[in-house]
Amino acid sequence: MTREQPATATTHTPRTRTSHDAIPATGATPAGDPPHDPHDPHDLNDPHDLHDLNDPPIAWVPDPDVPAQSEHHDLTSLEQFGHLTHAVRGRLLMSLVEGGTVAELAEQLGMKPTSLYHHINALDEAGLIVVSHTRRVGVVTQRRYRTIARTMSLPAEIAESASSEQLAMLNSTTFDLAKATMLHAYRRGLVGPHEWATAGFDLFRLNLTLEERAAFMTDLRDLLLRYRLRGTEGAEPFEFFFSAQPAPPRGRATPPAD
């Protein structure tokens, strides 16, 4: 099971990677902050709430108690991995690679801010995001969130302890996340109907030996890593999802699901 930056989710059994830009989680609200009320219409982290647009912008203040961003974080449970592949929370984590407010996340995902608080709170409680910055605007404390590390992985010993049914369920939620991000791209006009040169999807069936499968997966991950590390000026987010698994031999019926 693997997730690579910026928060796409792909999976293979011994190791699971994911990626987000973040700070190690504390789950704590900076001292002196008022309680976070998801029903408070003013507490939407909107940079313009209660702030005159003609006034100088109010600076964000980093939380001194939050450690610096780590490059990698090992997940501690299958439940944590489940948040990464969740159709909404996985997209939130993708968007939080560079950090953001609830209002900014809502704009990026095409959702209402009030519908995101439950998911933000769940990610915070799971230790996958932190409140990295705050600022006071009138009586409101606005918050910026970030994920805890650039990459996250499920250690092999945890992945290998999962049952076949648990692995199937986790992988199915990964497909839900991929479907959600694909539909979002098409509905927001990010991909045209005939833009196959720069985007698209396909299904291939190859005939490979076990050694060839291992070499193929190594080549594919090396290719993804090479492009991930490029950092070309003017580059924009681009998501890639793949699923690779043995297929039933031709002529052999697939047993029905229970």
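The values are calculated or read from the model by the stated rules, or taken from the named source; none is laboratory data. This one's a predicted model, so the numbers in the text were calculated from it and none came from an experiment. Neighbour counts are summed over all protein chains in view; Cβ atoms, including those assigned to glycine, are modelled from backbone coordinates with ideal geometry.
From ASP52, ASP74, ASP33, ASP46, grab the single residue that is within 17 Å of THR141 (Cα to Cα), at pLDDT 50 or above and out of contact with any Gly (no Cβ under 9 Å at 6 or more places or on another chain). Answer to the selection: ASP52.
Where helices (runs of 4 or more DSSP H) sit wholly within the stretch 54-172, those with at least 1 residues that are more than 14 Å from the chain's Cα centre (by Cα) and not hydrophobic (A, V, I, L, M, F, W, C) occupy 78-85, 102-109, 117-125, 156-161. Candidates ALA156, ALA122: the one that is of a type in the set (A, V, I, L, M, F, W, C), surrounded by fewer than 18 Cβ atoms within 10 Å (Cβ to Cβ) and out of contact with any helix residue (DSSP H, G or I) (no Cβ under 8 Å at 6 or more places or on another chain) is ALA156. Does the stretch 127-135 contain any residue that is of a type in the set (S, T, N, Q), touching a His at 6+ places or on another chain (Cβ under 9 Å) and over 17 Å from HIS184 (Cα atoms)? No, every residue in the stretch 127-135 fails to be of a type in the set (S, T, N, Q), touching a His at 6+ places or on another chain (Cβ under 9 Å) and over 17 Å from HIS184 (Cα atoms).
Of all residues in the stretch 61-72, those that are surrounded by fewer than 16 Cβ atoms within 10 Å (Cβ to Cβ) and either without any contact (Cβ under 8 Å) to a residue 60 or more places away in the chain or touching a Lys or Arg at 6+ places or on another chain (Cβ under 8 Å) (or both) total 8. Have a look at ASP202, ASP176 and point out the one that is touching a His at 6+ places or on another chain (Cβ under 9 Å) and either within 15 Å of PHE240 (Cα to Cα) or assigned to a helix (DSSP H, G or I) (or both). The conditions single out ASP176. Checking each residue in the stretch 73-102 for being crowded, with 24+ Cβ neighbours inside 10 Å and without any contact (Cβ under 8 Å) to a residue 40 or more places away in the chain picks out only LEU92. Run THR85 past the list (1) modelled with pLDDT of 85 or more; (2) of a type outside the set (Phe, Trp, Tyr); (3) out of contact with any Lys or Arg (no Cβ under 6 Å at 6 or more places or on another chain); (4) under 23 Å from MET182 (Cα atoms) and report the number of the one that doesn't hold. Status for THR85: all satisfied but (1).
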